[in-house]
Amino acid sequence: MTNMRKGDHRLIQELNRSKVLNHIRREGPISRIALAKQNGISPSTVASAVQELIKEGYVSEIGPGSSSGGRKPILLRFNPDHHHLIAVAITNSRMLLARMNLEARVLAKAEYPISGVKGEAVAEFLVEHLDRFLTEDGVQSTCIGISVTVPGIVRSDEGIVLYNTKLGMNRVPLKRMLESRYGMKVWLENDMNSVVLAERQFGKYAYANLIYISIGDGLGSGILINETLLHGKHGGAGEFGHTSVNRGGVRCECGNVGCLDSYISWMAVYSRILTALTSGRTTQINELTGGDYTRIVPEVYKEALRRGDRLALDINEEVADHLGAAIVNLINMFNPEALVLGGEMGRDNEALLEKVRLYINKHAMPILREDLVFGMTSLGEDDKLIGAAAVLLQDLFGFSLMES
Ligand SMILES: [Zn+2]
C-alpha cells in the first residue's frame with residue numbers, strides 16, 4: 001500500500017530538481033537564468049539543483065550562449081552517456097539483454113533463446129546470463145539500475161511476476177532476487193506496459209491517452225490513460241487477448257473460452273496456414289520455405305502478403321475483421337487519442353493496418369474516431385529493450401507523489 005507524501009522540504013527539493021533536469025533534457029542547451037524564468041523557480045534554487053546534477057554527471061556546462069547585452073550566460077546540456085542502464089526483455093521464447101544510455105539507445109546487446117526453461121529456472125537462467133553480461137560489460141560503476149520486462153501478470157509495485165503460463169512463472173519475486181544479488185535498483189514491468197511508455201517517450205506517439213496493441217505469439221495491449229499506465233489491482237489490466245468473443249469457442253489456457261488470442265495471434269495464423277497446407281491449398285508460403293513447415297515465421301507470412309499470396313491475404317482479412325471489432329471496443333471503452341499496432345505480426349503489416357482502419361471508420365462512434373490516430377509502431381526491432389529503458393527512465397526523470 002502506498003501513501004501520499006507530505007509536502008515537506010525534501011519533496012519540494014526533489015520536485016525542483018526533477019523539473020530542472022527534465023527541462024535541460026528536453027530544451028537544452030539552456031542557461032540557468034532561462035531555467036529559473038521558464039519554471040517559475042528562484043535562481044538560487046536552480047543553481048543548487050544544477051550544481052548537484054553536474055556533480056552527479058547528469059548535466060554538463062558548454063560554452064556561453066548568446067546574450068542581448070552584458071555577460072553571456074553559460075549553457076547547460078543533458079549528458080545521456082555519463083550513466084547507463086541494463087535493460088532485460090524476457091519474452092516467451094527468448095531473453096534480450098542490453099546496455100543502454102539515458103536516451104534509450106542500445107550500446108551493446110545479447111540474445112538467448114529460452115527453450116524448455118520454466119518457473120524459477122527462468123530467474124536462474126536470467127542471472128546466469130546477466131552475470132556474464134555485466135562482467136564482460138565491465139562498467140558497473142556507472143550503471144544506475146536494471147529494468148526487466150516480462151509478459152503476463154506483473155505486480156510492478158512489488159516487483160513480482162505473478163503469473164505467466166507459457167514460462168510457468170508463479171509469484172516469482174524477481175525484483176528482490178536481482179536487487180540482493182547485484183546491489184542495485186531493479187524495476188519490473190509487464191512488457192506491453194513498457195512498450196506503450198516507450199512509444200510515448202521515445203517513439204512518435206507523444207499522447208497522454210495511448211493504446212499499444214501487439215500481435216506476436218499472443219495478443220496483448222498496454223494502456224496509458226492521462227499519462228498513467230493502467231495496472232489494475234494485480235497488474236492484470238490490458239489482458240486484451242483474453243477477452244472472450246465466442247462463447248462456443250475453444251478453451252483457452254486462461255480458463256475462459258473463445259478468447260480473442262485464439263483468433264488474432266501468430267499461433268492462430270500459423271495453425272490456419274498449416275491446415276491450408278495439409279489440405280493441399282497452393283500458396284507461395286511453400287516456395288518461400290521450401291516446404292519446411294518449421295521455417296514458417298511471421299516474416300515469411302508478411303512476405304507472402306507483399307507478394308499478393310491469396311492464402312495470406314485471406315487469413316489477413318479474417319484477422320482484420322476480428323481485430324477491427326476488438327479495437328472498436330477499446331475505442332469505446334477508453335477513448336484514446338492514438339492506437340499503435342506492433343508485435344512481430346503487426347509490425348510492417350500495412351495491409352492489416354489499412355483494413356482495420358477501414359473497419360474503425362465504419363464502426364466506431366464518429367465523435368470518438370474523428371481525430372483518432374491509428375498507426376504502426378515506431379520503435380523498430382529493439383522495441384522491448386527501449387520499453388524496459390522507458391520504465392526506468394520515466395521513474396528517474398519523472399516525479400512521483402507516491403512514496404516508493
Ligand atoms: Zn484466454
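Values for this structure:
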quantity	calculated
Residues that are closer than 19 Å to GLY216 by Cα, near the ligand (Cβ under 8 Å from one of its atoms) and assigned to a loop (DSSP other than H, G, I, E, B), drawn from region 245-261	CYS252, GLU253, CYS254
Residues being more than 15 Å from HIS322 (Cβ to Cβ) and surrounded by 12 or more Cβ atoms within 10 Å (Cβ to Cβ) - total across region 233-252	6
Condition check for ILE296: away from the ligand (no atom under 15 Å from the Cβ) and either within 18 Å of LEU341 (Cα to Cα) or buried (at least 22 other Cβ atoms within 10 Å of the Cβ) (or both)	no
Condition check for GLU227: in contact with a Lys or Arg (Cβ under 9 Å, 6 or more places away or on another chain), within 16 Å of the ligand (Cβ to nearest atom) and not basic (Lys, Arg)	no
Unique residue being under 17 Å from ALA304 (Cβ atoms) and of a type in the set (S, T, N, Q) when the list is ASN286, ASN256	ASN286
So GLU287, is it modelled with pLDDT under 95, over 20 Å from LYS362 (Cα atoms) and assigned by TED's automatic domain parsing to the domain that holds LEU353	yes
2 or more residues within 24 Å of the chain's Cα centre (by Cα): qualifying strands (runs of 3 or more DSSP E) within region 67-150	84-90, 94-100, 106-113, 143-150
Residue selected from region 30-61 under the condition β-branched (Val, Ile, Thr) and outside any strand (DSSP E or B), by the criterion nearest to PRO80 (Cα to Cα)	ILE54
Which listed residue is in contact (Cβ under 8 Å) with a residue 12 or more places away in the chain, crowded, with 18+ Cβ neighbours inside 10 Å, in a loop (DSSP other than H, G, I, E, B) and aliphatic (A, V, I, L, M), from ILE273, ILE315, ILE264	ILE264
Filtered residues of region 42-81 (kept if under 20 Å from GLU14 (Cβ atoms) and in contact (Cβ under 8 Å) with a residue 24 or more places away in the chain)	THR45, VAL46, ALA49, VAL50, GLU52, LEU53, GLY57, TYR58, VAL59, LEU76, PHE78
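The values are calculated or read from the model by the stated rules, or taken from the named source; none is laboratory data. Just so it is clear, the model here is predicted, and its values are computed rather than measured. So basically every Cβ, Gly included, is an ideal-geometry build from the backbone, and we count neighbours across all protein chains shown.
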